[in-house]
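Engineer: Sharing a structure here in structure tokens format.
Bear in mind these aren't lab numbers, they're just calculated from the coordinates by the rules spelled out. Fair warning: this is a prediction, and the values are worked out from it, not measured in the lab. Because the Cβ atoms are built from the backbone with ideal geometry, glycine has one as well, and the counts that use them run over all protein chains shown.
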Amino acid sequence: MRPHGMASNIAAGDVTPAVLAIGRPDFPSVLIDTLRRQADVGHCMVFALSRAGATHCLLDAGNIPIGGDLGAAYAGQFHESDPNRDALFEGEGGASIVLPTFAPRMYGARYRKIFFNDSGIVDKCATAIWVEDTCFYVNFYRIAAQGRFSDAQRERLQAIAPAIGASVARHFQRSATPDQSLAALFATHAPLADLTPREREVCRRILEGFSSEAISQALGISLHSTLTYRKRAYGRLGISSQNELFSIVLRLLAGPSGLN
């Protein structure tokens, strides 16, 4: 068993590229690359489901040539016969939902033929998150050439699913650039808003992948000052590493207030 909190820290570092790509045109490619590195995901599709009944395919990225057709078919009618539908609509607002393990017998014959047999999909994992009246339903697939997810890969997906779901929701809720998104979080959400302006600037650049030397150059301050601001900021936040800083950001992204 992992100590409490370790999974979220691991996940924070693992999904960093996707978090920093929020709002950018290359978010889909960065997301699928991140998922491939972490769990050898072959394809990812994201659907937006509303309580009013409308469904839209927001993202289709990966190695399934007919992914676009599948997305259109699901949004058009098959969402109504998805065996995960009840679990999706019973989900609590703002909380990450991890869907049941995939089993072909869960699906009707026509659904199985179109979405699994014809497409070559042999396995899937899924997560979802509600933001107000919209459910962002994130699906991870593997095709026959890859085989099914291993237990270790499923565990990895379960660990990063909350962060991935929050990042997807944030991306499609906002058109802001990553810098603007981070700036908003630091300006308006505790505990980040409790930092001094200079501490915020240093922490934002840490999140964007700047080295201490690069931060010093960008802000026009000495390396010693940069390290001092970092130490003070970490002290105020009660953390000791960049990974823990990402965990705070991801927690804010996942919460309802972080997506308003």
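Engineer: When Lys and Arg each count +1 and Asp and Glu each count -1, what net charge do the other residues less than 14 Å away from N63, Cβ to Cβ, add up to?
Structural biologist: Here the charged neighbours net out to -1.
Engineer: At a threshold of 8 angstrom on Cα-Cα distance, excluding pairs fewer than six apart, so keeping six or more, what relative contact order does the chain reach in percent?
Structural biologist: 23 percent
Engineer: Report the GluC sites (Glu not before Pro) located in region 36-138 that are in a DSSP loop and have at most 14 other Cβ atoms inside 10 Å of their Cβ, or state none. All intermediate terms of the calculation are to be shown ahead of the outcome.
Structural biologist: Working: sites: E80, E90, E92, E132; in loops: E90, E92, E132.
For GluC sites (Glu not before Pro) across region 36-138 that sit outside H, G, I, E and B with at most 14 neighbouring Cβ atoms in 10 Å, the list reads E90, E92, E132.
Engineer: Once the piece of chain linking A187 and E155 is laid out straight, how much longer is it, given 0.36 nm per residue of separation minus the C-alpha distance between them?
Structural biologist: Length gained between A187 and E155: 8.1 nm.
Engineer: In addition: How big is the charge dipole of region 6-173 about its Cα centre, in debye rounded to the nearest 20, if each Lys and Arg gets +1 on its Cβ and each Asp and Glu gets -1 on its Cβ?
Structural biologist: Details: 15 positive and 17 negative charges, 71 e Å.
So the dipole magnitude of region 6-173 works out to roughly 340 debye.
Engineer: Within a Cβ distance under 12 Å of C203, other residues only, what is the Lys/Arg minus Asp/Glu net charge? Numbers along the way, then the final one.
Structural biologist: Working: positive: R198, R200, R204, R205, R230, K231, R232, R236; negative: D194, E199, E201, E208, E244.
Value of the local net charge: +3.
Engineer: I want to make sure I understand the PRE zone here: with the label point 7 angstrom from the Cα of A72 toward its beta carbon, which residues in region 30-48 have backbone N atoms less than 20 Å away?
Structural biologist: Output list for this probe position: 44-48.
Engineer: Still on this structure: Around D14, under 9 Å between beta carbons, what's the net of Lys plus Arg minus Asp minus Glu among the other residues?
Structural biologist: That works out to +2.
Engineer: For the Cα atoms of the chain, what angle does the longest principal axis make with the long axis of helix 242-254, in degrees from 0 to 90, nearest 10?
Structural biologist: For 242-254 against the chain, the angle is about 50 degrees.
Engineer: For the chain, what is the convex hull volume of its Cα atoms per residue in Å³?
Structural biologist: Roughly 128 Å³ of hull volume per residue.
Engineer: What is the extension gain from D86 to R112, computed as 0.36 nm multiplied by their sequence separation minus the C-alpha to C-alpha distance, in nm to one decimal?
Structural biologist: 7.5 nm
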